[in-house]
Amino acid sequence: MEKGHGVGVREPLTPEDLTWWYSDQPRQRNTMAMLMLLDRAPDPERLRGTVLRAAELVPRLRQRVVDAPFDLAIPRWERDPTFDLDYHLRRYSLHAGVSARDDLAELFRAIGPIYERPFDRTRPLWEIIEIDRPEGRSALFCRLHHSIADGVGANAVLGALTDADRDGAPLPPPDPEPPGAWPEPRFAERLSQAMRDRIADEYDRARGAAGGLLGLARKPARLLDFARGGQALSEPFMELSTSPPSAYGRARRLAGLSVDFEPLRAVRDELGGRTVEVMLTGVAGAMGKWHRHAGRKDVESLLTTVPINLRARNAQGLEAGLGNQVTAIIMRLPIAERDPRRRFEEIHRTVEAHRDHPALDVFPLFSHMLATLPRRVHRAAVLAAQGAMDLIVTNIPGIRVPRYVGGSEITAAYPIAPTVPHCPVSIALYGYREQLFIGLDADGTSMTEIDVFSEMLEEAFAELIELRPGS
């Protein structure tokens with residue numbers, strides 16, 4: 001991770017990051033988050049120092065996105081001279097009347113409205129909220145805009161924010177730099193800078209296009225591969241949703257649960273597939289239960305987006321880089337099949353068919369093409385592409401070792417990933433130590449009973465675990 005404030009740096013958003021910046025709107029808040037439960041309340045001064053250290057190690061945490069006048073150029077990351085740590089680090093408290101049994105559900109209810117609210121787009125796009133819980137317990141709710149990082153990239157922030165042991169590494173001295181004044185360049189200066197940026201952007205695009213054409217000239221067969229990939233990528237989006245919600249709103253309802261990894265691995269070995277296929281089998285079982293509960297027994301499958309990380313295996317944990325580096329599998333997830341073994345076999349066949357799918361190579365290229373479009377056209381194209389999506393399931397490679405923050409041990413880590421219009425819920429999976437933590441981000445209009453669905457998900461994984469040998 002690069003040290004420094006990023007003073008003077010003006011870096012354009014990448015095409016992948018730009019998609020999340022442009023598509024953010026009231027019905028789709030592109031926010032990544034994690035709810036971390038702690039074994040005790042963190043030391044206030046140490047927590048503050050830890051967050052300050054993270055802002056030093058990850059320059060993006062001190063930067064904001066600056067749009068060009070009239071969208072003449074790609075938005076830039078620029079250092080925020082008004083950076084105020086106290087704005088980004090806050091402290092809340094749950095009321096003392098909550099019982100230990102209901103504490104987690106109450107915690108998710110409390111952070112739902114926080115999660116759904118928009119970021120101040122004139123500041124760095126993140127915040128950390130310490131939450132005092134009953135009986136001396138504590139939690140941290142960390143959220144950041146998806147333009148900063150995808151789920152794997154967020155591990156870089158987690159690495160800067162946490163320690164390998166309770167005592168932790170030496171912390172930097174208190175920030176001697178008070179929040180600065182609000183700069184307001186003259187419009188003529190901003191316009192002139194935007195024109196220079198536009199020239200630089202067009203040069204980079206032309207150079208990238210020339211490199212792509214040169215590659216095709218050397219390997220003409222790739223042109224056919226891209227054509228096939230483009231056709232394969234567009235086909236799912238031409239379909240109509242098989243399970244369109246009757247209504248979709250802006251309220252977000254959050255929930256979470258956890259499953260031990262050991263029995264999931266045993267099931268994986270018994271069935272002869274991959275861990276992600278076991279997870280998708282459990283999710284499909286829960287979605288089938290929810291549709292039948294809602295009287296939608298005729299829905300047999302859901303068009304599901306499953307993001308696939310493009311980073312190397314040695315760059316997926318705490319050393320992952322920021323930004324968005326993903327492609328995606330778009331598959332039909334069978335939900336009508338009630339037998340978990342047969343459901344797994346069908347999912348296994350589908351995933352195998354998508355392993356070398358030509359659309360996997362085209363998905364990043366699609367983001368680069370979108371980046372050349374005006375903002376309004378870009379947003380309309382993204383929303384149109386999302387119209388057929390029924391479900392989002394994202395599996396985020398996590399970490400197996402315990403981590404500490406502010407002198408407190410992280411005992412649970414629930415990931416939260418954004419949903420999109422027409423999709424009632426986004427399901428995020430994250431491995432921490434020896435448990436799989438599952439975070440649910442549901443639309444409060446189309447999935448009103450998030451607690452019921454959470455129970456269904458727990459039941460579906462329990463049924464799946466019964467397939468392990470000796471059960």
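The values are calculated or read from the model by the stated rules, or taken from the named source; none is laboratory data. Please read all numbers here as calculations on a predicted model, not as lab measurements. Backbone-built Cβ (ideal geometry, glycine too); neighbour counts: all protein chains shown.
In the set Ala380, Ala353, Ala359, Ala371, only one residue is small (Gly, Ala, Ser), assigned by TED's automatic domain parsing to the domain that holds Met456 and modelled with pLDDT under 65; that residue is Ala359. Across the stretch 243-292, the number of residues qualifying as modelled with pLDDT of 95 or more and part of a loop (DSSP other than H, G, I, E, B) comes to 0. Screening Ile438 on (1) among the β-branched types (Val, Ile, Thr); (2) outside any strand (DSSP E or B); (3) at pLDDT 95 or above; (4) crowded, with 19+ Cβ neighbours inside 10 Å shows it passes everything except condition (2). Between a first residue in the stretch 448-462 that is in contact (Cβ under 8 Å) with a residue 60 or more places away in the chain and a second residue that is surrounded by fewer than 22 Cβ atoms within 10 Å (Cβ to Cβ) and among the charged types (D, E, K, R), which pairs have beta carbons less than 6 Å apart while being 6 or more apart in sequence or on different chains? What qualifies is Met456/Lys289.
Per-residue answers, yes or no, for (1) of a type in the set (A, V, I, L, M, F, W, C); (2) under 30 Å from Ser246 (Cβ atoms):
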site	(1), (2)
Val377	yes, yes
Leu391	yes, yes
Ile396	yes, no
Ile399	yes, no
Glu409	no, no
Ala417	yes, yes
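Here Glu78 meets each of (1) among the acidic types (Asp, Glu); (2) closer than 20 Å to Gly406 by Cβ; (3) not in a helix (DSSP H, G or I) with one exception, condition (2).
Given Phe70, Phe108, Phe83, Phe141, which one is more than 19 Å from Ala413 (Cβ to Cβ) and surrounded by 19 or more Cβ atoms within 10 Å (Cβ to Cβ)?
Phe83
Can you confirm whether the stretch 410-419 contains a residue that is more than 25 Å from Arg117 (Cβ to Cβ), assigned by TED's automatic domain parsing to the domain that holds Ala247 and either small (Gly, Ala, Ser) or not in a strand (DSSP E or B) (or both)? Scanning the stretch 410-419, I find no residue that is more than 25 Å from Arg117 (Cβ to Cβ), assigned by TED's automatic domain parsing to the domain that holds Ala247 and either small (Gly, Ala, Ser) or not in a strand (DSSP E or B) (or both), so the answer is no. As for the stretch 148-166, it holds at least one residue that is at pLDDT 85 or above, farther than 17 Å from Tyr432 by Cα, among the hydrophobic types (A, V, I, L, M, F, W, C) and crowded, with 21+ Cβ neighbours inside 10 Å.
The residue of the stretch 42-65 that is farthest from Arg91 (Cα to Cα), among those that are touching a Ser or Thr at 6+ places or on another chain (Cβ under 9 Å) and outside any helix (DSSP H, G or I), is Val65.
Checked against (1) modelled with pLDDT under 95; (2) in the same structural domain as Ala154 (by TED's automatic domain parsing), Met1 passes all but condition (2).
One residue is enough: does the stretch 388-400 have a residue meeting the conditions surrounded by fewer than 16 Cβ atoms within 10 Å (Cβ to Cβ) and in a loop (DSSP other than H, G, I, E, B)? The answer is yes; a qualifying residue exists.
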